[in-house]
Amino acid sequence: MQRINIKTVERSELVDITDKVQSIISGHKIEQGICFIFVPHTTAGITINENADPSVEKDITDTLSKIIPDNAGYSHVEGNADSHIKSSLLGNCLPVIIEGGRLCLGRWQGIFFAESDGPRSREVWVEFIKK
Amino acid sequence: MQRINIKTVERSELVDITDKVQSIISGHKIEQGICFIFVPHTTAGITINENADPSVEKDITDTLSKIIPDNAGYSHVEGNADSHIKSSLLGNCLPVIIEGGRLCLGRWQGIFFAESDGPRSREVWVEFIKK
Amino acid sequence: MQRINIKTVERSELVDITDKVQSIISGHKIEQGICFIFVPHTTAGITINENADPSVEKDITDTLSKIIPDNAGYSHVEGNADSHIKSSLLGNCLPVIIEGGRLCLGRWQGIFFAESDGPRSREVWVEFIKK
């Protein structure tokens with residue numbers, strides 16, 4: 001298992017980690033298989049979306065904060081109940097197909113670490129199964 | 001990696017692709033393992049739900065559109081910010097167990113391509129790892 | 001494929017199944033690979049979140065019920081349209097990395113079966129691929 005270290009700067013933000021994941025695949029010379037990208041935190045998640053226009057990232061984090069406000073009379077008293085809920089909605093693990101030594105992503109797709117309780121030092125774990 | 005081609009007809013709809021995925025498994029004589037179904041688009045997703053009563057599909061797409069309206073002052077100016085957000089909420093990749101040459105699904109489950117910015121020509125990518 | 005049987009007691013609740021999944025991994029002496037945890041139901045899902053403070057579980061189920069109310073003029077007439085929608089939002093399958101014979105989870109993470117239409121007798125299916 002490989003680790004990617006991330007330092008987030010906002011409370012909520014999407015951080016593009018596509019190149020870092022591809023580096024691991026390239027470094028291990030994985031030609032064909034599946035890559036698993038796992039977030040070991042309970043107030044952050046992982047998602048795939050457009051990495052061309054940054055306004056898409058902003059719309060995703062803003063809309064999540066609108067649906068799940070940060071102060072809505074939650075039971076959890078640490079002030080980040082909303083972050084936990086966002087984590088479960090986006091999910092913690094992404095499998096991505098590898099072919100020809102490359103992550104198989106669509107033309108507009110990037111892999112994003114979804115911070116919901118930053119700024120923090122975070123980790124992403126990467127594992128792969130060869131075909 | 002195998003490709004499934006889909007033509008969607010509505011802006012938002014669920015398209016049952018269970019039989020198409022099963023055909024790929026059967027064609028490759030995969031007896032046991034994991035199948036990965038991946039959507040390479042940023043305004044569509046993939047989900048498993050009931051494929052008996054079509055009203056369930058309608059409730060899923062209608063409710064998503066209620067939670068994430070199509071015109072809510074988004075930053076992204078292409079008119080499909082809502083579609084991007086729906087894509088991240090449903091997710092882009094589904095692993096499904098294969099046993100005895102069949103996708104292991106519950107009695108009421110089907111695999112759906114979730115269009116959120118149609119009508120369009122779309123692709124779904126299918127890969128598998130044998131056990 | 002291994003089966004975990006669950007009896008839920010509430011309409012909506014998170015049931016921690018981390019130990020049961022780990023028992024299967026340990027029993028099969030899987031040292032390294034990926035574990036797939038699959039829910040074969042259309043009104044329940046699977047999620048990873050904090051298993052230290054139970055108020056987090058309550059906030060997740062309560063907030064989901066607020067976003068997706070149980071009586072909102074749905075088309076599906078069985079009274080559980082909301083449960084189907086929640087199932088698609090949380091998802092049905094989780095891949096988790098295995099290393100050194102253990103599920104690789106973050107310090108605060110547990111694996112939860114997410115009941116949305118209980119009380120019911122439920123199943124969770126577990127499969128693994130060795131690395």
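The values are calculated or read from the model by the stated rules, or taken from the named source; none is laboratory data. Bear in mind the structure is a predicted one, so any value in this text is a computation, not a measurement. All Cβ positions, even for glycine, are placed from backbone atoms using ideal geometry, and neighbour counts span all protein chains on display. Please note that ligands, DNA and RNA were not included when accessible areas were found on the heavy atoms of the full protein model with its side chains. Shrake-Rupley method; radii C 1.70, N 1.55, O 1.52, S 1.80 Å.
Probe of 1.4 angstrom, ligands and nucleic acids ignored: what's the accessible area per residue over the stretch B:2-130, in square angstrom?
Per-residue value: 38 Å².
Rounded to a whole number, what % of the accessible area of the stretch B:2-130 do carbon and sulfur atoms account for, probe 1.4 Å?
It is 47 percent, rounded to a whole number.
Angle check, please: helix A:81-90 long axis (alpha carbons) against the longest principal axis of chain A (alpha carbons), in degrees 0 to 90, nearest 10.
For helix A:81-90, the angle is close to 30 degrees.
B:R120 to C:K29: FRET efficiency via 1/(1 + (r/R0)^6), r the Cβ-Cβ distance, R0 51 Å, to the nearest 0.05?
Plugging the Cβ-Cβ distance into 1/(1 + (r/R0)^6) gives 0.60.
Heavy atoms of the protein only, probe of 1.4 Å, neighbouring chains included. What is the accessible area of C:Y74 in Å², nearest 10?
40 Å²
What's the lysine pair count for chain B at a Cα cut-off below 28 Å, pairs eight or more apart or interchain?
15
Using a 1.4 Å probe on protein heavy atoms, which residues of the stretch B:36-75 have at least 50 Å² less accessible area in the complex than alone?
Relative to the lone chain, where solvent access is computed with a 1.4 Å probe, the stretch B:36-75 loses at least 50 Å² at B:F36, B:F38, B:T42, B:N49, B:D59, B:T63, B:I67, B:S75.
Quick one: among C:E115, C:E50, C:E13, which has the greatest mean-square fluctuation in a GNM of chain C with alpha-carbon springs under 10 angstrom?
For chain C, modelled as a Gaussian network with Cα springs under 10 Å, the answer is C:E50.
Among B:K58, B:K20, B:K66, determine the one that fluctuates most according to a GNM of chain B built with springs between C-alpha atoms less than 10 Å apart.
Per the Cα network of chain B with a 10 Å cutoff, B:K66 tops the list.
Work out the FRET efficiency for A:D19 and C:V9 from their Cβ-Cβ distance, taking R0 = 45 Å, and round it to the nearest 0.05.
About 0.45, to the nearest 0.05.
Distance from the Cα centre of the stretch A:1-59 to that of the stretch C:1-38, in angstrom?
26 Å
By how many degrees, 0 to 90 and rounded to 10, does the Cα axis of helix C:54-67 deviate from the longest principal axis of chain C?
The helix C:54-67 is inclined about 40 degrees to chain C.
Calculate the mean, over all residues of peptide A:108-119, of how many other protein chain Cβ atoms lie within 10 angstrom of the residue's Cβ.
Partner Cβ neighbours, averaged per residue: 1.
Give me the angle, in degrees from 0 to 90, between the Cα long axis of helix B:18-27 and the longest principal axis of the Cα atoms of chain B, rounded to the nearest 10.
Tilt relative to chain B: about 30 degrees.
Would you tell me the mean number of C-beta atoms belonging to other protein chains that fall within 10 Å of each C-beta in A:21-30, as a whole number?
0
Based solely on its DSSP helices, what 222 nm [θ] is calculated for chain C when runs of n ≥ 4 H residues each add -39,500 (n - 2.57) and the sum is averaged over all residues, nearest 500 deg cm²/dmol?
Counting only the DSSP helices, I get -8000 deg cm²/dmol.
In percent, how large is the relative contact order of the stretch B:1-99, given Cα pairs closer than 8 Å and 6 or more residues apart?
The normalised contact order for the stretch B:1-99 reaches 41 percent.
What is the dipole size for chain C, taken about its Cα centre, with +1 at each Lys and Arg Cβ and -1 at each Asp and Glu Cβ, in debye to the nearest 20?
With Lys and Arg at +1 and Asp and Glu at -1, about 500 debye.
Could you identify which residue out of A:G79, A:G118, A:G45 has the top mean-square fluctuation in a GNM of chain A using Cα springs shorter than 10 Å?
Looking only at A:G79, A:G118, A:G45, the largest GNM fluctuation is found for A:G79.
What list of ³J(HN,Hα) values in whole Hz, one per residue of the stretch B:115-131 in order, does the Karplus curve 6.51 cos²θ - 1.76 cosθ + 1.60 (θ = phi - 60°) give from phi, with Gly and Pro shown as x?
6, 10, 8, x, x, 8, 8, 10, 10, 10, 9, 10, 10, 9, 10, 6, 8
Enter the buried accessible area of the A/B pair, total of both sides, probe 1.4 Å, in Å² rounded to the nearest 100.
The contact between B and A buries close to 2400 Å².
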